[in-house]
Structures are given as C-alpha cells and as structure tokens.
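Q: First, the structure itself, so that you have it in front of you.
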Amino acid sequence: MPDAIRCSNVTKHYGDIRAVDDVSFEVHDGEIFGMIGPNGAGKTTLMECIEGLRTRDTGTVEVFGMDPEREVRQVRERTGVQLQSAALPHRMKVGETLDLFAAFYQNPADWRQLLSRLGLDGKADSYVEKLSGGQRQRVFIALALINNPGLVFLDELTTGLDPQSRLAIWDVVRDIRDGGTTVFLTTHFMEEAENLCDRVAIVDHGKIVALDTVANLIASIDAESRITFTVDGTPPVDRLKEVSGVTRVENASGRVVVHGTGNRFQQDVMSVLSDIDLNVRDMRSEQPSLEDVFLALTGREMREGQPT
Ligand SMILES: Nc1ncnc2c1ncn2[C@@H]1O[C@H](COP(=O)(O)OP(=O)(O)OP(=O)(O)O)[C@@H](O)[C@H]1O
C-alpha cells in the first residue's frame, strides 16, 4: 500500500524540551490513523511538523512524496487542516466562511454538497458561533475538506462534545475515509481510537512507543479479561479455577470476579456457568483496552492529568 505520510528520525525541541524525539513511521493511503498519548506527549507538535506549520530540527517528512517545509503550496493543495474555532473571524456565516476558504484553492469542492454530506443542510446562512458544538465541528471538517484533500489532519476533533455528537462525528470521519481521503487524527479518548482508527500510534515523551491495529496492540500485551457476576448460592470457584486461561477467581459474598487470558477464556467460563444449577445475575465482561496497553508499556495511567 502506498504511504500518504513518511517520517524518518523527526526531532523537534522547544528550548530544552524535546517535544518530538527521533520519530519514524508511515501512514498508509486510505486509512484512519490515530495518535493517542497523555497531555504534552508531543502529538500536536508532530502533527504540525507533518502539516508544515512547524519547522522540525532534524529528520525527513514526506507527504505524498513531498517535503511540507519546501513544497508548501503543493502540500497545502493536497491536504486539509482542521482549524481551531479561535482562528475564525467573529460573526461569519457558514456559507461566507466556506466561500472565503474555497477562494484559497485552485480546485475547491462544491461547499453546498459538502454541507449536505456533513448533515448541515440549511445552515449556510447561520452564524458559525451560533451553532451547537457538534455542528461547529462539522463546519471545521467542511473547511478542512474544501480543497478535496487526499489527506486530512484532525486534532482532538471531538474534545468538548457530548457522547451523542461524538458518535455522529465518528460516522463523518469514517465517511471521509470511505470517500478515499486518508485521515490523520489525535485524540485523548481511548474509545475513540479503539472504535475509529485502523491503526494507532501511542505517543509518550515525544516517542512512538507502539504502533499497530488496536486488536494487535491489545493482543501484544497478553492482558487479562475479567468476567464479573453474582450467584444465588455457592459459586463454583474450584471448577472455574480449572478452566484453561483462568488466572484468578475472587469471591466476595457471592459476587465473583474471574480473571483470565486467551481467546477461549470467556466462552469456557460461560460454559461452566451454564452447567451449574444456580441463578447467575448482573454479569459483566471487561476486555483489556488501549489504556491497559499504555499502562503495560509505560507503567503509568494514560488518563493521569487528563482533562475530563
Ligand atoms: N510553542 C511551544 N513553546 C514551548 N513549548 C511548547 C510549545 N508547544 C508545545 N510545547 C511543549 O512541548 C511538549 C509537547 O507538546 P504538544 O502540545 O506537542 O503535546 P500534545 O501531546 O499535543 O499535548 P496535548 O494532548 O495536551 O495537546 C510539551 O512539553 C509542551 O509543553
């Protein structure tokens, strides 16, 4: 698969702070690629070096084979960057804003079609600042897509949105990918990376500490799953301990937690429970997540110090 982005040994300092530390990776054409990591990990700086908005200290960056620092105009024509809302003038209508941005490019998209594609029919005459958070983010996506880019950068697109708007934005991002545009995004939300991204880079202290599909990242750490339930009667603790893959069984007054690993763990525990002649209630299953991957790789919680 050809690559939309290639970075080799990219480093960026701010004074003594090494924000990006010798990073090398590729983003494939046509994928949704996500960067996750704690505050200050270097995600935005790395993204800006790739966008050509920030000058790297060392290393090479190629976007569709071009250097974003030297071939600025050509890279701008083929990429879309999501602006922060503060970057827009006050009291602009949605249609006016899109018209203005369309004028910057040689082959702009038909913005009325874009609005329709993004579920913003009828909003052309609304003031941007009067829209809901989710609608405003769609306008920023429309602005990032105004030049029909082959690659779009989205930096913490859903921060500040309610869960329902976030889900709707995920559909929009998938639709962008399915339309043939590569998506490079950063997020603070583990579940966003898990649900949306084809591949994820975990960034910590300016380095990529892991990069793969979410399923492969989770499989790589061999972390435990948990099945929790309540039984009316004596739980079959000894039988559960014999199930292959089970590492631990806790029992506190009939509330049982079974820990284990492997593909068959869940199925085999269920099979023991369906055999016993007891009422099993309130069952919950917890799978390992990207949070567990981060913890396994760094020894720290990714959410420590995160905004809520
Ligand atoms: N313009 C700047 N001048 C000086 N230091 C900066 C500047 N921008 C970022 N930094 C520092 O560089 C490091 C990386 O910051 P960056 O914003 O790239 O991280 P991030 O992963 O995007 O964080 P967040 O998730 O909070 O946005 C941090 O230590 C930050 O304080």
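Any read-out appearing in this document is the output of simple, stated calculations on the displayed coordinates, not a laboratory observation. Because the structure is a prediction, the values reported are computed rather than measured. No Cβ is skipped: glycine too gets one built from the backbone with ideal geometry, and neighbour counts run over all protein chains shown.
Q: Short version: ³J(HN,Hα) in whole Hz for each residue of the stretch 196-203, in order, from phi by Karplus 6.51 cos²θ - 1.76 cosθ + 1.60 (θ = phi - 60°), x for Gly and Pro, what are they?
A: With the stated coefficients, the stretch 196-203 comes to 10, 8, 6, 9, 10, 9, 9, 10 Hz.
Q: Let me ask something else about it. Hey, which aspartates and glutamates would be in cross-link range of LYS130, C-alpha to C-alpha under 18 Å, not counting anything within fewer than 8 residues on its own chain?
A: Straight-line reach from LYS130, under 18 Å: GLU96, ASP121, ASP162.
Q: Just to be sure I understand: of the beta bridges DSSP finds with both ends in the chain, what percent are antiparallel, rounded to 5?
A: Here the share of antiparallel DSSP bridges comes out near 70 percent.
Q: Going by amide H atoms built from the backbone, whose H comes under 5 Å of the H on VAL203, apart from near neighbours?
A: ILE36, GLY37, VAL209
Q: Just need the relative contact order of the chain here, percent rounded to a whole number, with Cα pairs under 8 Å and 6+ apart.
A: Values: 569 pairs, mean separation 59.7, N = 308.
This gives 19 percent for the chain.
Q: For the chain, give the magnitude of the charge dipole about the Cα centre (Cβ charges: +1 Lys/Arg, -1 Asp/Glu; no others), in debye to the nearest 20.
A: Values: 33 positive and 48 negative charges, 148 e Å.
Dipole size: approximately 700 debye.
Q: Where both partners of a DSSP beta bridge lie in the stretch 56-184, what percent of those bridges are antiparallel, to the nearest 5? Before the final figure, lay out the partial values.
A: Details: 2 of 8 bridges.
Approximately 25 percent, going by the DSSP bridge assignments.
Q: Let me ask something else about it. Once you put a point 7 Å from the Cα of ASP238 and another 7 Å from the Cα of ASP99, both along the Cβ direction, what distance in nm separates them?
A: 8.2 nm
Q: With unit charges on the beta carbon (Lys/Arg positive, Asp/Glu negative), name the residue among GLY150, PRO163, GLN135 whose Cα is farthest towards the positive pole of the charge dipole of the chain.
A: GLN135
Q: Can you list which of the chymotrypsin sites (Phe, Trp or Tyr not before Pro) found in the stretch 99-161 are DSSP loop residues with at most 12 other C-beta atoms within 10 Å? Each step should come with its number before you reach the end.
A: On the way: sites: PHE101, PHE104, TYR105, TRP111, TYR127, PHE140, PHE153; in loops: PHE104, TYR105.
For chymotrypsin sites (Phe, Trp or Tyr not before Pro) across the stretch 99-161 that sit outside H, G, I, E and B with at most 12 neighbouring Cβ atoms in 10 Å, the list reads PHE104.
Q: Collect residues whose amide H, placed 1.01 Å from N in the peptide plane, falls under 5 Å from the amide H of ALA4; neighbours closer than 5 in sequence don't count.
A: VAL27, HIS28, ASP29
Q: Do you know the relative contact order of the stretch 108-168, to the nearest whole percent, from alpha carbon pairs under 8 angstrom that are 6+ apart? Show your work: numbers first, answer last.
A: Details: 37 pairs, mean separation 23.4, N = 61.
Normalised by residue count, the contact order of the stretch 108-168 is 38 percent.
Q: Report the net charge of residues surrounding ALA4, where surrounding means a beta-carbon distance below 10 angstrom and charges are Lys +1, Arg +1, Asp -1, Glu -1. It would help to have the intermediate numbers written out before the result.
A: On the way: positive: ARG6, ARG78; negative: ASP3, GLU26, ASP29, GLU31, GLU62.
Value of the local net charge: -3.
Q: If you don't mind, another one. Of ASN279, PRO68, GLY245, which is farthest along the charge dipole of the chain in the positive direction, counting Lys and Arg as +1 and Asp and Glu as -1 at C-beta?
A: The listed residue farthest towards the positive side: PRO68.
Q: Of the residues ASP212, ASP125, ASP67, which exhibits the maximal mean-square fluctuation in a Gaussian network model of the chain defined by a 10 Å Cα contact cut-off?
A: ASP125
Q: Residue by residue through the stretch 279-291, which ³J(HN,Hα) values in whole Hz follow from phi under the Karplus form 6.51 cos²θ - 1.76 cosθ + 1.60 (θ = phi - 60°), with glycine and proline marked x?
A: 7, 9, 10, 6, 7, 9, 10, 10, 8, x, 10, 4, 4
Q: Helix-only estimate, please: 222 nm mean residue ellipticity of the chain, summing -39500 (n - 2.57) across DSSP H runs of length 4 or more and dividing by its residues, to the nearest 500.
A: On the way: 11 runs with 101 residues, N = 308.
Estimated from H runs of four or more residues: -9500 deg cm²/dmol.
Q: Cut-off under 19 Å on the C-alpha distance; same-chain residues fewer than 8 positions from LYS123 excluded. Which lysines are left, in chain and number order?
A: Leaving aside lysines fewer than 8 places away in the same chain, those within reach of LYS123 are LYS93.
Q: Next up: Would you kindly compute the Cα radius of gyration of the chain and its largest Cα-Cα separation (Dmax), both in Å?
A: Over the chain's Cα set, Rg and Dmax evaluate to 23.3, 73 Å.
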